[in-house]
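Student: Following this message is one structure expressed as structure tokens.
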Amino acid sequence: MKRFSRNPSWLIVISLITSLLLGACSNEPTSKDTNNTKVDTVAKEKTEKKAESEEQSSVQTADEENKNEPVAEPKQSQEELAKSLDLELVTVGRVVDGDTIVTSDGRKVRFVGVNTPESTTRHEVYGKEASNYTKSKLEGKQVWLQKDVSSTDRYGRYLRIIWMGVPTNDMDEAEIRSKMFNADLVLNGYAEPSTYPPDVKYSEFFVKFAREAREANKGLWSYGADGTTKGDLDGSSTSKSSGSYSTGSSTSSGSSSSGTDASTSAGTKSEVFQNCTELRKVYPNGVPAGHPAYQAKMDRDKDNYACEQ
């Protein structure tokens, strides 16, 4: 004992050896820890494979759905649609009456397929209301003009459909009702349908709309089943010639003016004028066949319209 106490280095060596042995024992993995590590590794691999499989399946499903979906066609711009329908954009300079305007570049435009009561040189019931309505809707506004067949009438007026907005389909009834001003006039009782071949593209729509307005007693239809001016729904139609849009007419009250003679034959009142000069004082645009003032001798070109300008 004295020898060990005198030489303490032996104690230090023994302590170091003991520490090393204990550390080696504690760091040696047990079979239980090894098994747990293997289980965790396998579970992680399974989870990764499952996620990868689900991702591939999702991509495949999306690809199949995309294949089945129709390819959306690019929308046409307003300019492209207008060009395809041969529409012309103009500005309304002034309104002449319910169915006639003048563009900002000076062209007089008569609305195709409709007839509003007269409110300028002659006056018919509900004519002023129709004129005011057109002014409120169109004056100073930009609109789209569409030609049917005829370009102008006998008076040099441009014959056109008036669109307030460009339609995607110009024969779709819903768009005609909501975007075409000619139709708007008829639907609201400001105009009657008035068809003159060959400009008949929308005539069936106008007749349908007029019947709706008449049944509802809208506007001019509140004055009777024939309205207040000439149109396609009149009980007795007058002869109409191709391209000559009626401007309405009013029969004489029986009082004669200079150069005229009112006579009665078989209950039908007629107006006899000595010549076209006298007739135009009362009817500046002439009169169609069937009008009380019409005389065949004044219809020199035999087009069923006398004394037209």
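Rule-based calculations on the coordinates, nothing more; no lab input. The structure displayed is predicted, hence computed values, not measured ones. All Cβ positions, glycine included, derive from the backbone under ideal geometry; neighbour counts span all protein chains shown.
Student: Highest mean first, how do 50-56, 284-290 rank when packing is the count of other Cβ atoms within 10 Å averaged over residues?
Tutor: 284-290, 50-56
Student: Ordered by packing density, taken as the mean number of other Cβ atoms within 10 Å over each peptide's residues, highest first, how do 183-195, 153-165 rank?
Tutor: 183-195, 153-165
Student: Need one word for segment 122-214: rounded, prolate or oblate. Basis is the Cα gyration tensor (sqrt eigenvalues a ≥ b ≥ c); a/c below 1.5 gives rounded, then a/b vs b/c decides.
Tutor: Cα axes put segment 122-214 in the rounded bin.
Student: Please state, as a whole number in µm²/s, the translational diffusion coefficient that the Stokes-Einstein equation yields for segment 77-235 at 37 °C and 0.692 mPa s, with Rh defined as the Kirkwood radius across alpha carbon pairs.
Tutor: The calculation lands on 211 µm²/s.
Student: A further question follows. Using the structure shown, select from LYS128/LYS297; LYS208/LYS302; LYS108/LYS128; LYS147/LYS230; LYS83/LYS218; LYS108/LYS201 the pairs with a Cα to Cα distance greater than 31 angstrom.
Tutor: In this structure, LYS128/LYS297; LYS208/LYS302; LYS83/LYS218 lie more than 31 Å apart at Cα.
Student: Let me ask another. Would you mind ranking HIS123, HIS291 by Cβ crowding within 10 Å, fewest neighbours first?
Tutor: The most exposed by this proxy come first: HIS123, HIS291.
Student: Here is a follow-up. For segment 83-122, just say rounded, prolate or oblate: build the C-alpha gyration tensor, square-root its eigenvalues into a ≥ b ≥ c, call rounded for a/c under 1.5, and beyond that prolate if a/b exceeds b/c, oblate if not.
Tutor: Oblate.
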